[in-house]
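Scroll down for the structure; my scribbles are underneath it.
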Amino acid sequence: MHRRRSALSVSATAALLIAAPLVTGCGSDARPGAAAIVEGERITVSQVQARAEAVRDAQRADPQSTQLIQRTGPLSRYTLSNMIREKVVERAAKDEGVKVTRRDLQQFRADQESAAHGAEALRTRMLQERAVAPGQIEDTLRMDLLVLEVAKALGVNLSSPQAGEVMDKKFTETAESMGIEISPRFGAWSNDQVSLTGSEEPWLKPAPQPDEPT
């Protein structure tokens, strides 16, 4: 695998593509204790809660803790959405014969840290902009890298106007084959909103501008 350009826009592009419409339907009969069922495997409520709480703990330790917590609101639905998307990306990558080695991931992370002007700066940005706890950064970057590799396998230039449409189609078709069911506790899947619905608050609200009341 060739060395990639060390721009944060690479991760940003991948993150946007990961957030494309993935699940075309939802079920209401997920098994007890399961937040979702994906290809017959459970994502448990406890797994979702543990991951969300790791983010919340990191937010509480951040100097901007109050703003971060207010902006993100409830994390469980956003967390579950991401956990499902990760499984879809993994499946799409497998279908395309895409693999990411440990060395690939280490290089990709080094590139992102360099672009962010340091490891600490990357940790701060991932937490503040993507609600990713420090211990989740490597897994998140791996998903970003897999999306980029899937795009490469499909011959998609991510800078092209058609990239989003092609990648959306790929991930949607992948998800359709995976038998995804969602527990009613977490709402229902909306293709239009590209998220689990049922929460009164969006997962990430815009930060107030300096001249706006907080």
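The values are calculated or read from the model by the stated rules, or taken from the named source; none is laboratory data. Everything quoted here is computed from the prediction, not taken from an experiment. Don't worry about glycine lacking a Cβ; one is built from the backbone with ideal geometry, like all the others, and counts go over all protein chains shown. Note: accessible area is taken over every heavy atom of the protein model, side chains too, but ligands, DNA and RNA are not part of it. Shrake-Rupley method; radii C 1.70, N 1.55, O 1.52, S 1.80 Å.
For the reader, a short list of remarks on this structure follows.
- Only listed residue being modelled with pLDDT of 95 or more, farther than 26 Å from E181 by Cα and among the charged types (D, E, K, R), chosen from R142, R102: R102
- The selection criterion, being surrounded by 15 or more Cβ atoms within 10 Å (Cβ to Cβ) and at pLDDT 95 or above, holds for R123.
- Checking every residue in the stretch 160-169 against the condition of being at pLDDT 85 or above, surrounded by fewer than 18 Cβ atoms within 10 Å (Cβ to Cβ) and of a type in the set (V, I, T) gives at least one match.
- Scanning the stretch 39-63 for residues that are open to solvent by 40 Å² or more (accessible area, probe 1.4 Å), among the charged types (D, E, K, R) and over 15 Å from the mean Cα position of the chain (by Cα) returns E39, E41, R42, E53, D57, R60.
- Some residue of the stretch 68-76 being closer than 21 Å to E41 by Cα and touching a helix residue (DSSP H, G or I) at 6+ places or on another chain (Cβ under 9 Å): yes
- Some residue of the stretch 71-79 being surrounded by fewer than 17 Cβ atoms within 10 Å (Cβ to Cβ), on the phi < 0 side of the Ramachandran plot and at pLDDT 95 or above: no
- Flag if T66 is surrounded by fewer than 17 Cβ atoms within 10 Å (Cβ to Cβ) and in a helix (DSSP H, G or I): yes
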